[in-house]
Amino acid sequence: MKFLLDFFPIALFFIVYKTMGLYAAIYAMIGATAVQMLIARYQTGKFENTHLITFGLLVVLGGVTLALRDPAFLMWKVSVLYVVFAAVLIVSIWVGKKPLLERMLGKELELPAAVWRQMSWIWGLGFIGIAIVNGYYVKLALSARELLFSSTDLDPKIELTELDCATTTMQELCLVAQHTEESWVNFKLFGTMGLTFILIIITVVMISKYTKQED
């Protein structure tokens, strides 16, 4: 259930993007993230730090994107967010008495200290990997977008989903720009969810022998 709740804002972003465009999707994701925070607050009695960080970056970078009509800020938010998460997880191995993962999950799981450190590295490096892959899709999308608008007299503030490429002077560039932006949106949902699920599977395999011993 928590896994689905964490990806609810991204899923809504994907749906709204497909039906109403990028900028409407940003508003939807900000609202969905606020709802996500309130649900978590109701269930646990407190706001989760990960939700607060995500919401803060989303409001700032999403707000700048909406104000300037430049998707670059929102697109890079994914990489920034996952790098922050990775840094916090890895640094917590040395800062404090326990790694962050152990502080978060230690009440539910009793694992050796070495396993908590290994899990922190795995999730930290996994998050860095997600940030790098996102950066790849962002560079493709932004490069195609810049090439389109620098080669035509189109308003760079227009949404790519609104363009009818058949009526533009650079039809191929228009299609490439639309395709690369859509690829980034697809990765934002399916890529991050899939890679996160892989990390969960690795974690389950790592701790399975310890949970069996406890049983």
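Just to be sure, is R117 among the charged types (D, E, K, R), modelled with pLDDT of 90 or more, assigned to a helix (DSSP H, G or I) and over 23 Å from the mean Cα position of the chain (by Cα)? Judged against the criteria, R117 is a match.
The condition of being of a type in the set (A, V, I, L, M), modelled with pLDDT under 85 and farther than 21 Å from A32 by Cα does not hold for L100. Of the numbered criteria (1) under 28 Å from G194 (Cα atoms); (2) of a type in the set (D, E); (3) surrounded by 13 or more Cβ atoms within 10 Å (Cβ to Cβ), the one E108 fails is (3). Go through V64, V95, V88 for me and flag whichever is out of contact with any strand residue (DSSP E or B) (no Cβ under 6 Å at 6 or more places or on another chain), under 29 Å from I207 (Cα atoms) and surrounded by 13 or more Cβ atoms within 10 Å (Cβ to Cβ). Going through V64, V95, V88 in turn, the sole match is V88. Would you point out the residue of the stretch 87-114, among those that are small (G, A, S) and either in a helix (DSSP H, G or I) or closer than 22 Å to S208 by Cβ (or both), that is nearest to the chain's Cα centre (by Cα)? Within the stretch 87-114, the match that is nearest to the chain's Cα centre (by Cα) is A87. Answer yes or no as to whether V84 is part of a helix (DSSP H, G or I), within 20 Å of V138 (Cβ to Cβ) and without any contact (Cβ under 8 Å) to a residue 24 or more places away in the chain. No: the conditions fail for V84.
Hey, any hits in the stretch 9-17 for a residue that's more than 19 Å from G63 (Cα to Cα) and not in a loop (DSSP other than H, G, I, E, B)? The answer is yes; a qualifying residue exists.
The values are calculated or read from the model by the stated rules, or taken from the named source; none is laboratory data. Not measured: the values here are computed from a predicted model. Virtual Cβ from ideal backbone geometry, glycine too; neighbours counted across all protein chains shown.
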